[in-house]
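Contents: one structure, followed by commentary.
The numbers here are math on the coordinates, done by the rules we state, and not lab data. A quick note: this is a predicted structure, and the numbers were derived from the prediction, not measured. Every residue, glycine among them, receives a Cβ derived from its backbone with ideal geometry; neighbour counts consider all protein chains shown.
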């Protein structure tokens with residue numbers, strides 16, 4: 001039984017899905033006004049591992065992760081660059097997808113954009129206004145905090161002590177300084193949509209409520225994001241959604257710790273970021289992932305070039321096993337998994353079941369690696385047993401997203417196959433530009449695509 005630390009209850013709870021055998025997850029994505037940084041990478045990897053583990057346990061997972069593609073910063077930078085906000089946002093949406101692929105992060109099942117769901121947001125705001133939970137003022141609409149007494153339970157903040165927080169603009173027209181914007185009246189030079197309150201655009205918080213409910217329902221299993229989103233973003237999501245539906249929004253709230261840079265949280269606004277596309281030029285993405293997973297997802301982690309380099313050296317020990325298994329495979333296939341190697345999967349699952357305890361899991365994988373190396377050196381069980389053990393190690397490591405781009409033990413990973421299928425669909429539509437983009441994504445995952453008369457052929461890079 002999987003146990004999850006639920007931010008809402010501040011306890012570790014047994015996970016019980018709403019629908020048997022299914023998991024519905026929503027994770028807050030990036031605001032696309034710049035390139036994604038290593039802090040975004042950590043959050044993406046954390047929820048990538050959680051998603052992979054649910055799938056490993058046999059659940060059918062629906063994973064939704066949004067893009068915020070309208071925002072004050074997007075508008076300002078687009079205006080400065082002399083392009084539309086849409087063009088500017090699309091540039092960084094594509095960049096984010098490339099960055100995630102380079103890290104081996106699985107693409108979401110749905111990756112909705114805020115600007116494509118304004119209609120759903122307007123309908124949600126209309127319901128809140130009609131029920132007295134929101135009020136319009138001169139083209140703007142605000143959520144009335146005092147109409148929702150549970151506000152503050154996720155973050156543990158006392159409503160009477162709250163001041164206007166991050167992204168909550170002080171406005172003397174508001175009934176309460178803590179009320180937050182659901183709709184903002186149009187300003188010159190900004191994108192705008194028609195609404196019952198005049199032309200304008202949605203506030204930040206309303207978008208996730210509208211998109212999560214559209215794709216996952218009024219109540220779903222797990223909502224995730226960085227701990228910096230607990231307040232005000234997730235607190236506001238809960239208030240506006242539950243005020244509208246009268247139902248619990250998400251049953252489990254999961255938040256990852258931040259990546260710090262010199263004791264300070266890494267963020268684009270502070271200007272102390274390390275862009276993903278720059279850092280993967282210096283470090284193997286698997287080494288980055290191994291370094292991150294060496295700290296429990298709920299804890300803060302401090303950036304360290306040295307620790308990433310140490311992780312790369314540790315991975316080399318496992319990679320040697322893969323190469324040795326490939327050489328041994330030339331003499332025959334794998335045998336049944338020997339009992340000596342069968343103990344590692346239960347240990348792996350016990351650690352993952354305990355709130356996705358990846359530091360313990362990595363200990364299991366490296367214990368497994370040492371056992372395999374010892375068996376190889378002693379010739380115990382023969383090459384078939386060694387191959388079977390290495391195959392099992394790879395299967396477990398891939399639950400963590402490790403060695404997913406290319407190994408020498410078997411065929412292309414599922415994500416590469418998914419991208420290849422999507423490329424085939426794009427080419428069938430004669431959308432060759434998208435086909436080329438998908439080919440490049442496959443390349444960043446370590447595989448080459450060769451179009452042959454018999455169809456596309458995948459080859460690991462370096463072979």
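With a point put 7 Å past each Cα toward its Cβ, work out how far residue 436 is from residue 131 in nm, to one decimal.
A separation of 4.9 nm, rounded to one decimal place.
Taking the Cα-to-Cβ direction at residue 299 and at residue 172 and moving 7 Å from each Cα, how far apart do the two end points lie in nm?
In this crude label model, residue 299 to residue 172 measures out at 5.0 nm.
Please give the length that would be gained between residue 459 and residue 260 if that part of the chain were fully extended, namely 0.36 nm times their separation in residues minus their C-alpha to C-alpha distance (nm, one decimal).
On the way: separation 199, 0.36 × 199 = 71.64 nm, distance 3.79 nm.
My answer for the length gained is 67.8 nm.
To the nearest 0.05, what FRET efficiency results for residue 218 and residue 14 with a Förster distance of 25 Å applied to their C-beta separation? Please report the intermediate quantities before stating the final value.
Values: r = 23 Å, r/R0 = 0.91.
With R0 = 25 Å, the Cβ-Cβ based efficiency is 0.65.
Taking R0 as 41 Å, what FRET efficiency do you get between residue 277 and residue 428 from their Cβ-Cβ distance, rounded to the nearest 0.05?
Working: r = 30 Å, r/R0 = 0.73.
With R0 = 41 Å, the Cβ-Cβ based efficiency is 0.85.
Suppose the chain between residue 153 and residue 323 were pulled fully straight at 0.36 nm per residue; how much longer would it get relative to their current alpha carbon spacing? Intermediate values should be presented prior to the final figure.
Working: separation 170, 0.36 × 170 = 61.20 nm, distance 5.20 nm.
Difference between extended and current length: 56.0 nm.
Between the alpha-carbon centers of segment 112-156 and segment 1-57, tell me the distance in whole angstrom.
Between the Cα centres of segment 112-156 and segment 1-57 lies a distance of 25 Å.
Simple spin-label model, 7 Å along Cα-to-Cβ: residue 116 to residue 342 in nm?
4.8
Of all the Cα-Cα pairs you can form in segment 3-265, what percent are over 22 Å apart? List each step's numbers first, then the result.
Numbers: 19470 of 34453 pairs.
In whole percent, the long-distance tail amounts to 57.
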